[in-house]
Amino acid sequence: MRAGVTPLVEVEDLHVHFGAARAVDGASVRVLPGEVLALVGESGSGKTTLIRAIQGLQKPTSGVIRVDGTGGSSPGHVQTIFNPTVQMVFQDPTGALNPRQTIYEIVAEGLRIKRHAGSETEQVAAALSRAGLRPPERFFPLYPHEVSGGQRQRVVIAGAMVMEPRLLLADEPVASLDASIRGEILALMRRLVDETGLAILVVTHDLGLAWNIADRVAVMYLGRIVETGPTEQILENPRHPYTRALLSVVPETREMEQQILTGEIPDPARIPAGCRFHPRCPLLQSGDLPEAISSRCPIDDPGPTPLEAVSAAACWAVTSGVDSTAIGLNPG
Ligand SMILES: Nc1ncnc2c1ncn2[C@@H]1O[C@H](COP(=O)(O)OP(=O)(O)O)[C@@H](O)[C@H]1O
Ligand code: SF4
Ligand SMILES: [Mg+2]
């Protein structure tokens, strides 16, 4: 971490259990001012539950969440205060917008709750233009159904940005949009970060999208971060077999050998013993791991990546220094 920089959000050893289901099971992440962290992983890995906990919508079973250097949440504490520092962008902009409100009213609403000083009209106009809806006055009287899906997501972003947040939580913000406009929305979010010093925690199940926006990537599997590192490193030199498998299905990396992940992500009520990825691990299945490691995978948990880690992979082969690129995964 850069010296003297207070993280905007710090999640430490977070657990969120639904009965026997450990949806989040010891996850730690940190986002610094002015950076974009992409949280990636298959559906069911606990990404939404983690960001709902940061937002205060989901009660943690244990662990600590610190937002903007303040207090944080003690185990079981539910943060219900209205926190304009943190704003949310959802997957489905249509569902997030009130169909009976005009775009002006939608964007102005947060300002009214916040009782912001200054001209409301000017601030709404500035937020819409910043979100790429220009000229903003043209959008004031329109209803959400009168604009395109991409423009609706820009309205959601304008409604968030008008609050001058320091942190944006975005849950699959482009998953419901046409592939052709995903890049534009991600580019907009990246520009907002570069222009305003905003930080973003963006969730995606598509590791390929991280290229467009993220400074760092955290790969989540069954409730934990199994690998974390700078985006370039994760995409060019992934170390955890799960990251390698996720990456091999990204179109831009098709030259990499395809790693078809066998089976579904397990039920979080039945997290496998040892390394939680071992029943699906292509490296373990290759049979090429030294016996000292392969015998360990099903019984010994490599543990979560620590909060402080700039770069880490929770895998016995990685921590033992086995070059996984030389065996099993890339034959020939
Ligand atoms: N309110 C809930 N009650 C019970 N199980 C839940 C609840 N919310 C999420 N889960 C379970 O937790 C796991 C993680 O879900 P989720 O956080 O939505 O993952 P992701 O966003 O990565 O797809 C899933 O198995 C899901 O079924
Ligand atoms: S610890 Fe073993 S089973 Fe787990 S990811 Fe590494 S090699 Fe695969
Ligand atoms: Mg989700």
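A short reminder: the numbers here are calculations on the coordinates, not readings from a lab. Quantities reported herein were computed from a predicted structural model and do not represent experimental measurements. Cβ atoms come from the backbone with ideal geometry, glycine included; neighbour counts cover every protein chain shown.
Laid out as a table, the results:
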quantity	calculated
Within region 151-258, trypsin sites (Lys or Arg not before Pro) in DSSP loop having at most 16 other beta-carbon neighbours inside 10 Å	R254
Highest-first arrangement of 272-281, 294-303, 92-101, where packing means the average Cβ count within 10 Å	272-281, 294-303, 92-101
Value of [θ]222 nm, deg cm²/dmol, for the chain, DSSP H segments ≥ 4, -39500 (n - 2.57) each, nearest 500	-8000 deg cm²/dmol
Dipole of the chain, positive end: most advanced residue of I106, H240, A313 [Cβ charges, Cα centre]	I106
Two-site label geometry, I299 and T6: point separation in nm, points 7 Å out along Cα→Cβ	4.8
Calculated FRET value between S62 and D288, using beta carbons and R₀ = 41 Å, to 0.05	0.60
In order through region 22-27: 3J(HN,Hα) via Karplus (6.51 cos²θ - 1.76 cosθ + 1.60), integer Hz, x for Gly, Pro	9, 5, 10, 9, x, 8
Computed label-point distance, nm, for sites E146 and E308 using a 7 Å Cα→Cβ extension	5.6
Built amide H within the under 5 Å cut-off of D68, gap 5+	V9, E10
Sites E232 and R112 - FRET efficiency at Förster radius 56 Å, r taken between beta-carbons, to 0.05	0.85
Full-extension gain in nm, E105 to A175, via 0.36 nm per residue minus C-alpha separation	22.6 nm
Per residue convex hull volume, Cα atoms of region 99-164, in Å³	70
Rh by Kirkwood over Cα pairs, then Stokes-Einstein D for the chain at 1.002 mPa s and 20 °C, µm²/s	103
Set of region 265-298 residues, backbone N closer than 18 Å to the point 7 Å along the Cα-Cβ line of A21	265-272
A187 paired with R138, simple spin-label distance in nm, labels 7 Å along Cα-to-beta-carbon	1.8
